[in-house]
Amino acid sequence: MTQQDMSARAWAELFLLGLIWGGVFLATRVALDEISVLHAVAHRVGWAAVILWVYVLVRRLPLPTDARTWAAFAVMGALNNLVPFSLLNWSQLYIESGLTSIFNATTAVFGVLTAAIFFSDERLTARKALGVGLGFSGVTITIGIGSLTSFDPRSLAQLAAIAATLSYALAGVWARKRLAHLPPQVAAMGMLTASAALILPAAWIIEGPIPVLLSAATWAGIGYMSVIATAGAYLLYYRILAMAGSGNLMLVTLLIPPVAIALGTWLRGESLSPNAYLGLGLLALGLIVLDGRIFKRLGPRTTA
């Protein structure tokens, strides 16, 4: 991961991205009060794809035309959108949105592991192994040992949320292997287009026609999910990536759970167990270790 010095603007946009992605858990839960899991995914990727098509066409970015690239988009769409969005949506039917956001933070931990498995230049150092161990310890505490041995809906929902983060991590591997040659905005557009092409007929067949006669609150949730937290957030993500590097971008993982927990508590009256907060603390510590900058600051300094 590349890690650059952060400007004030980069920090501001990083916090904005954390706020946006922290809010998506509440928006999703509001939408799920009226529409089904797959219909929510269909709305999210469908409208986001339309917005990114407009962006790409206005910017006159080059559009891929070969079947191999579009096949790669389809795999990326499944790994980065359809599988994790569906699993996270389903999990929010049974667990709090703030708790879902804690499990979502495991993405960075799985990302380190999958990168070490698939790429020779991403080896698992002692520091990374420590960070991964702390992260998984936090997840285990958050779930609770008892939940690991039971198969009630709440336990399964927690495991589904973790499976979603593994899918995100595999998507990162796939993107580096198959889509690195494309402008990131084009890759995001292609991924969302393929996602929409896959989920719209699947959702129609499994759960019926995509609903459009919805309440204002549901449309607000859908609008936030698709316009702000997907299309807009992807564009903001790549702006920050260009300014600050991928290493600094991992810090957004630390910002999302507090936002999601605060919104869930304030607007939906959710409450989390002490184990959830303890697990979040360990997970955050693991992410800080993975980030590594604290070790650089604590290390020996040389003088001229």
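The values are calculated or read from the model by the stated rules, or taken from the named source; none is laboratory data. Note that the structure is predicted; figures quoted are calculated from it, not measured. Note that we place each Cβ from the backbone using ideal geometry, even for glycine, and neighbour counts take in every protein chain shown.
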Do you know which residues across the stretch 274-283 are surrounded by fewer than 19 Cβ atoms within 10 Å (Cβ to Cβ) and among the small types (Gly, Ala, Ser)? Gly281
Which numbered condition Val212 misses (of (1) at pLDDT 95 or above; (2) surrounded by 16 or more Cβ atoms within 10 Å (Cβ to Cβ)): (2)
Which listed residue, of Val54, Val41, Val45, is among the β-branched types (Val, Ile, Thr), without any contact (Cβ under 8 Å) to a residue 24 or more places away in the chain and either surrounded by fewer than 23 Cβ atoms within 10 Å (Cβ to Cβ) or closer than 21 Å to Ile199 by Cα (or both): Val54
Yes or no: the stretch 142-152 includes at least one residue that is farther than 23 Å from Ala260 by Cα, of a type in the set (Val, Ile, Thr), out of contact with any strand residue (DSSP E or B) (no Cβ under 9 Å at 6 or more places or on another chain) and not in a helix (DSSP H, G or I). yes
Leu52 - would you say it is among the hydrophobic types (A, V, I, L, M, F, W, C), under 28 Å from Leu254 (Cβ atoms) and modelled with pLDDT of 95 or more? yes
Members of the stretch 78-95 that are over 16 Å from Leu192 (Cβ atoms) and not hydrophobic (A, V, I, L, M, F, W, C): Asn89, Ser91, Gln92, Tyr94
Of a type in the set (A, V, I, L, M) and touching a His at 6+ places or on another chain (Cβ under 9 Å) - does that describe any residue in the stretch 221-240? yes
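Here is a yes/no grid of residues against (1) crowded, with 19+ Cβ neighbours inside 10 Å; (2) of a type in the set (Gly, Ala, Ser); (3) in contact (Cβ under 8 Å) with a residue 24 or more places away in the chain:
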site: Gly111; (1), (2), (3): yes, yes, yes
site: Ala115; (1), (2), (3): yes, yes, yes
site: Lys128; (1), (2), (3): yes, no, yes
site: Leu134; (1), (2), (3): yes, no, yes
site: Gly144; (1), (2), (3): no, yes, yes
site: Phe151; (1), (2), (3): no, no, no
site: Arg154; (1), (2), (3): no, no, yes
site: Ile162; (1), (2), (3): yes, no, yes
site: Pro183; (1), (2), (3): no, no, yes
Checking Gly264 against (1) surrounded by fewer than 18 Cβ atoms within 10 Å (Cβ to Cβ); (2) in contact with an Asp or Glu (Cβ under 9 Å, 6 or more places away or on another chain); (3) not hydrophobic (A, V, I, L, M, F, W, C), only one condition comes out false. Which one? (1)
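Test Leu249 against the stated conditions and say whether it is out of contact with any Ser or Thr (no Cβ under 7 Å at 6 or more places or on another chain), surrounded by 15 or more Cβ atoms within 10 Å (Cβ to Cβ) and among the aliphatic types (A, V, I, L, M).
On the way: out of contact with any Ser or Thr (no Cβ under 7 Å at 6 or more places or on another chain): yes; surrounded by 15 or more Cβ atoms within 10 Å (Cβ to Cβ): yes; among the aliphatic types (A, V, I, L, M): yes.
Yes; evaluated as a whole, the condition is true for this residue.
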The condition of being among the β-branched types (Val, Ile, Thr), assigned to a helix (DSSP H, G or I) and over 21 Å from Leu38 (Cβ atoms) holds, among Val227, Val186, only for Val186
